[in-house]
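Below is one structure; the comments refer to it alone.
The values are calculated or read from the model by the stated rules, or taken from the named source; none is laboratory data. Computed from a prediction, not measured in an experiment: that's the story for all the values here. Because the Cβ atoms are built from the backbone with ideal geometry, glycine has one as well, and the counts that use them run over all protein chains shown. Accessible surface is based on the protein model in full, side chains and every heavy atom, while ligands, DNA and RNA are left aside. Shrake-Rupley method; radii C 1.70, N 1.55, O 1.52, S 1.80 Å.
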Amino acid sequence: MPAEKPTRRQVAADVMTAVALLTVDIGLAGNLLMDQTGSPWRLPVSLAVAAAIAVPLALRRYRPFGAFIVIVALSAPAAALGLLWDPFVATACALYTLTLGARRELAARAMACAAAATVVAAAVGDLPLPGGAWWYVLALPLLGGAWRWALNVRERRDQEARLERQREHQVLVDERLRIARELHDVMTHGMGLIAVKASVANHLARNRPEEALDALRVIEATSRQALTETRRLLGVLREDTGPAPVPTLGGLTELAERAAMAGVDVELSVEGGDDLPEPVELAAYRIVQEAVTNVVKHAAPARCRVNVLAGRGVVTIEVTDDGHGAPSPATSPGHGIIGMRERVTMYGGRFAAGPLPDGGFQVNATLRYEEAL
């Protein structure tokens, strides 16, 4: 059964284990068999078997099942004939490696096979050591421990793999939610301007066609820009494209110009923000964009004041208009208000939006971030 290609460190560890076990077997054979004049064949055969077991033991990661079969086939008869005295250490190592990568059913059968070989060797063996077959009893706990250890390692690795897949899935979900939020902001802003100007063009088409043409030009320019931004965002969903360019606070000037085309005179003030983290700057831009879009949809024609102050780990945003078309507090908030509140919550800030006592509407938001050292 082929296995994954082992690393150099794993192969080196396996070779060192095989050499160490071979050294122990040679030492035991030399001490216990060299004086047996009645069976002179035992010593060279013991050394040959130990060397034959060391080879598949060192290479067991390349063919775990084959190495296990060879090692069991050599260890059990050698132990029964009194040629090996270690309690199936090589078998335990091969069983551990096999259990890590094999099916659970195959790993369980391998454990049963190793245990059966140990019992048979103990029953028919002739071990020339004091105490006889008790030495084989150590093999069963050793094999069971190696098998259980491998199962635990395997379960832990499977759990880590599942957690990694869940993490990757969550990253994908979060990215799709981010794209959905960005698409909402882009389309809401663009379609808001288009809707306002289309309404104006409809009313002026007969009596003042020149102004209607101006409104149509604004619709054309706004729709083109919205389409461009939408294509950039959708490009993120393609595997062969990079992330879409992220709007910055510097783009608020262009945002104010587009709002002016729709009848909202924006007075813009931006202080700081040169070293803002990219996600924070994007959130600030989108909050201002959504607030200005709401002014265009509900209060135009109107004047609007936008203040953005960034510094010392806090971004403060205030958008105030003097119009009279904002929704009343009793009206359920739309996706725009909800989206702004969600962005603020992500950065541990505060958000408030509502009508002013003297008319108009105001949006206040703060975003918190860690300053770069």
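Some notes on this structure:
- Within the range 304-323, being touching a helix residue (DSSP H, G or I) at 6+ places or on another chain (Cβ under 9 Å) and at pLDDT below 90 holds for one residue alone: G323.
- Verdict on P128 being in contact with a Leu (Cβ under 9 Å, 6 or more places away or on another chain), open to solvent by 50 Å² or more (accessible area, probe 1.4 Å) and either more than 24 Å from P44 (Cα to Cα) or at pLDDT below 85 (or both): yes
- Taken over the range 280-308, residues that are open to solvent by 70 Å² or more (accessible area, probe 1.4 Å) and part of a helix (DSSP H, G or I) amount to 2.
- Considering only residues in the range 134-159 that are over 29 Å from the mean Cα position of the chain (by Cα) and buried (at least 16 other Cβ atoms within 10 Å of the Cβ), the one that is modelled with the lowest pLDDT turns out to be W135.
- Inside the range 75-100, residues that are open to solvent by less than 60 Å² (accessible area, probe 1.4 Å) and more than 16 Å from A20 (Cα to Cα) make up a count of 13.
- Of everything listed in (1) touching a helix residue (DSSP H, G or I) at 6+ places or on another chain (Cβ under 9 Å); (2) farther than 18 Å from R343 by Cα; (3) not polar (S, T, N, Q), the single unmet condition for A284 is (2).
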